[in-house]
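What follows is one structure encoded as structure tokens, with my remarks underneath.
The values are calculated or read from the model by the stated rules, or taken from the named source; none is laboratory data. Values in this document were obtained by computation on a predicted structure and should not be read as measured data. Ideal geometry is used to build each Cβ from the backbone, glycine not excepted, and the neighbour counts take in all protein chains shown.
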Amino acid sequence: MKKRVRKTPGKIRMLKAKFKRKHGYSLDLENPRTLSEKIQWIKLNGNIKRFSKYVDKFRVRNYVKEKIGEQYLIPLFGVYDNVNQIEWGKLPNSFAMKTTHGATWNLIVKDKTRINRVSAKRKLRRWLRLRYYTITGESNYRNIKPRIVIEKFIKDPTGDLKDYKFFCFHGEPKFIQVDGGRFSNHKRDFYDLDWNNIPVRLKYKHFQEPVTKPSRLNEMLTIARKLSADFAFVRVDLYYTNEQIYFGEITFTPANGFKPFRPRYYDELFGQFLDISKYI
């Protein structure tokens, strides 16, 4: 199904050049087939500004509470409009800080007595000044008030808190991405819903040993279905530690559509499940 792309020729040329550089094949916006191509098409034509409240790291908590219950939310210590509002003395010894309006802008504080507060404040102020959507072109980050969220620091007894990312198409999870070693030696693997390993690589190297199937995987799949039910495509991220499931985030444009699948076959396979006409 051909769809007309509604952006300026200059912007399209730049997008196509970047896509070719990242993926090694030409971006087809008239008949997108791979998931990466369809993400680019969605960014241009999908009116994803309306999804801002779901990628807002604070506002999304209300959506999660309504859909699956607040027991899956990481405990919140506070939300702040600026760094000066943070009462460091009242915070526990460990916590996680993140901004509401972007991705990867996080600070993990394992021991606040050892943190350089001047450096941390400087970094937070810089993030609050930036506008993530102008950097990446993902308009779903556009209508978000920049704030700082501070949550409980959750950890795994193994020392490696894994992140389970469910690729959901039209309300149904199809693939599971598992990330570990996020702050040391990042590893990533993919599994199907029966926990069979899928031989695809997306940027990071594979785990040396197979990841153990979560004992509450079926519950995690149910959560992913409920949180993705209202969307054509979304990645639902969950944590699982100490037999507890926690919501991580919702992502509509994973990796901005620029991380290549190896082999490319899986980019096409993932893309087959997404009907972009649902964005019209």
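Asn256 satisfies every condition listed in (1) assigned to a strand (DSSP E or B); (2) within 13 Å of the chain's Cα centre (by Cα) except (1).
If you go through the range 221-253 and keep only what is in contact (Cβ under 8 Å) with a residue 40 or more places away in the chain and either touching a Pro at 6+ places or on another chain (Cβ under 6 Å) or assigned to a loop (DSSP other than H, G, I, E, B) (or both), you end up with Leu221, Ala224, Ala229, Asp230, Phe231, Ala232, Arg235, Tyr240, Asn242, Phe252, Thr253. Based on what the data block shows, is Leu128 in contact with a helix residue (DSSP H, G or I) (Cβ under 6 Å, 6 or more places away or on another chain), of a type in the set (A, V, I, L, M) and touching a residue at least 24 places away in the same chain (Cβ under 8 Å)? Here the answer is no, as Leu128 does not meet what is asked.
What's the total number of residues in the range 255-280 that are among the hydrophobic types (A, V, I, L, M, F, W, C) and in contact with a helix residue (DSSP H, G or I) (Cβ under 6 Å, 6 or more places away or on another chain)?
5
Just one of the listed residues (Ile150, Ile176) is touching a Phe, Trp or Tyr at 6+ places or on another chain (Cβ under 6 Å) and either touching a residue at least 40 places away in the same chain (Cβ under 8 Å) or not assigned by TED's automatic domain parsing to the domain that holds Asp237 (or both), and it is Ile150.
Of the strands (runs of 3 or more DSSP E) lying entirely inside the range 124-205, not one carries at least 1 residues that are out of contact with any strand residue (DSSP E or B) (no Cβ under 7 Å at 6 or more places or on another chain) and not charged (D, E, K, R).
Mind telling me which of the residues Ile115, Ile198, Ile86, Ile176 ends up being at pLDDT below 95 and of a type in the set (Val, Ile, Thr)?
Values: Ile198 fails: at pLDDT below 95; Ile86 fails: at pLDDT below 95; Ile176 fails: at pLDDT below 95.
It is Ile115.
Could you go through the range 95-106 and let me know if any residue there is outside the structural domain of Lys121 (by TED's automatic domain parsing) and touching a Ser or Thr at 6+ places or on another chain (Cβ under 7 Å). The answer is no; no qualifying residue exists.
Regarding Thr212, is this residue within 26 Å of Lys67 (Cα to Cα), without any contact (Cβ under 8 Å) to a residue 12 or more places away in the chain and not aromatic (Phe, Trp, Tyr)? No; evaluated as a whole, the condition is false for this residue. With respect to the conditions (1) at pLDDT 95 or above; (2) surrounded by 12 or more Cβ atoms within 10 Å (Cβ to Cβ); (3) under 30 Å from Lys43 (Cα atoms), Phe95 lacks only one, and its number is (3).
With Leu274, Leu238 as the choices, which residue is within 25 Å of Asp156 (Cα to Cα), modelled with pLDDT of 95 or more and touching a Phe, Trp or Tyr at 6+ places or on another chain (Cβ under 7 Å)?
The match here is Leu238.
Just a yes or no: is a residue in the range 174-194 over 26 Å from Gly102 (Cα atoms) and among the aromatic types (Phe, Trp, Tyr)? Yes, some residue in the range 174-194 is over 26 Å from Gly102 (Cα atoms) and among the aromatic types (Phe, Trp, Tyr). Within the set Glu219, Glu172, the sole residue that is surrounded by fewer than 20 Cβ atoms within 10 Å (Cβ to Cβ) and farther than 30 Å from Leu15 by Cα turns out to be Glu219. Looking at the range 146-160, can you tell me whether even one residue there is under 30 Å from Trp41 (Cβ atoms) and more than 17 Å from the chain's Cα centre (by Cα)? Yes - at least one qualifying residue is present in the range 146-160.
Residues in the range 6-43 that are surrounded by 15 or more Cβ atoms within 10 Å (Cβ to Cβ) and at pLDDT below 95: Ile12 only.
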